[in-house]
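**Q** What follows is a structure written as structure tokens; I'll ask about it next.
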Amino acid sequence: MTLVAFYDLRVGPVSFDFVVFGIKAKMEAARVGAARVHFVIVPGDGPGGFRDKSAFYDQHEARWRFWNILLPACQLLGATFTYAQDWGQAELVASGSGDHCWPPDWRRQTLKNRPHLIGDVIADSRKGELVPRLDASTHARRKVREV
């Protein structure tokens with residue numbers, strides 16, 4: 001079974017918060033017995049398909065963050081991903097998979113329940129739950145040792 005985790009760019013920022021979301025998804029996968037995690041990243045309705053964070057960065061930086069933070073994080077988490085064109089395509093991924101979809105409000109995410117915040121991971125860790133780690137490739141570790 002695969003856990004299909006939906007990251008809604010109307011709610012989730014294009015930042016390292018995606019790593020927290022990914023860790024939470026991996027923890028949920030362990031809870032439900034899923035062997036894999038597949039992220040479905042769904043564009044938002046703001047500039048460039050991202051949540052409007054123009055007070056902090058523009059859509060060009062958001063696009064850079066998408067390609068240089070979110071997608072590489074999928075690899076570090078050992079997960080696959082789909083960058084959906086819209087929610088219609090995301091729904092097709094969900095309906096065709098027969099797998100476990102997450103978070104529980106994956107269809108209608110809001111800023112009220114933000115699965116990209118770290119608080120739950122800390123609480124679960126304090127209860128003794130295993131927190132997944134990022135796994136850099138052998139090549140990446142080799143390059144770091146060269147420095």
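**Q** Given the structure, is Val40 touching a residue at least 40 places away in the same chain (Cβ under 8 Å), surrounded by 14 or more Cβ atoms within 10 Å (Cβ to Cβ), touching a strand residue (DSSP E or B) at 6+ places or on another chain (Cβ under 6 Å) and part of a strand (DSSP E or B)?
**A** It is true that Val40 is touching a residue at least 40 places away in the same chain (Cβ under 8 Å), surrounded by 14 or more Cβ atoms within 10 Å (Cβ to Cβ), touching a strand residue (DSSP E or B) at 6+ places or on another chain (Cβ under 6 Å) and part of a strand (DSSP E or B).
**Q** For segment 11-37, name all the residues that are in contact (Cβ under 8 Å) with a residue 12 or more places away in the chain and surrounded by fewer than 16 Cβ atoms within 10 Å (Cβ to Cβ).
**A** Phe16, Ala30, Val32, Gly33, Ala35, Arg36
**Q** Next up: Within the bounds of segment 98-119, is there any residue that is closer than 22 Å to Arg31 by Cα and of a type in the set (Ser, Thr, Tyr)?
**A** no
**Q** Anything in segment 1-10 that is β-branched (Val, Ile, Thr) and crowded, with 20+ Cβ neighbours inside 10 Å? List them, or say none.
**A** Hit for segment 1-10 is Val4, nothing else.
**Q** When residues of segment 46-70 are filtered for being of a type outside the set (Asp, Glu), assigned to a helix (DSSP H, G or I) and free of Cβ contacts under 8 Å to residues at least 12 places away in the same chain, how many remain?
**A** Going through segment 46-70 one residue at a time, the tally reaches 3.
**Q** Look through segment 95-147, keep the residues that are assigned to a helix (DSSP H, G or I) and among the β-branched types (Val, Ile, Thr), and return whichever of them is surrounded by the most Cβ atoms within 10 Å (Cβ to Cβ).
**A** Val121
**Q** I've got another one for you. Please work out if Arg65 is surrounded by 15 or more Cβ atoms within 10 Å (Cβ to Cβ) and within 25 Å of Arg141 (Cα to Cα).
**A** yes
**Q** Moving on to the next point. Residues to consider are Gln85, Gln89, Gln109; find the one that is under 16 Å from Leu9 (Cα atoms) and in contact with a Ser or Thr (Cβ under 9 Å, 6 or more places away or on another chain).
**A** Only one candidate passes the filter, namely Gln89.
**Q** Quick one: is Phe81 of a type in the set (Phe, Trp, Tyr), in a loop (DSSP other than H, G, I, E, B) and at pLDDT 90 or above?
**A** Considered against the rule, which asks whether it is of a type in the set (Phe, Trp, Tyr), in a loop (DSSP other than H, G, I, E, B) and at pLDDT 90 or above, Phe81 comes out as no.
The values are calculated or read from the model by the stated rules, or taken from the named source; none is laboratory data. These numbers were taken from a predicted model, which means no experiment stands behind them. Note that we place each Cβ from the backbone using ideal geometry, even for glycine, and neighbour counts take in every protein chain shown.
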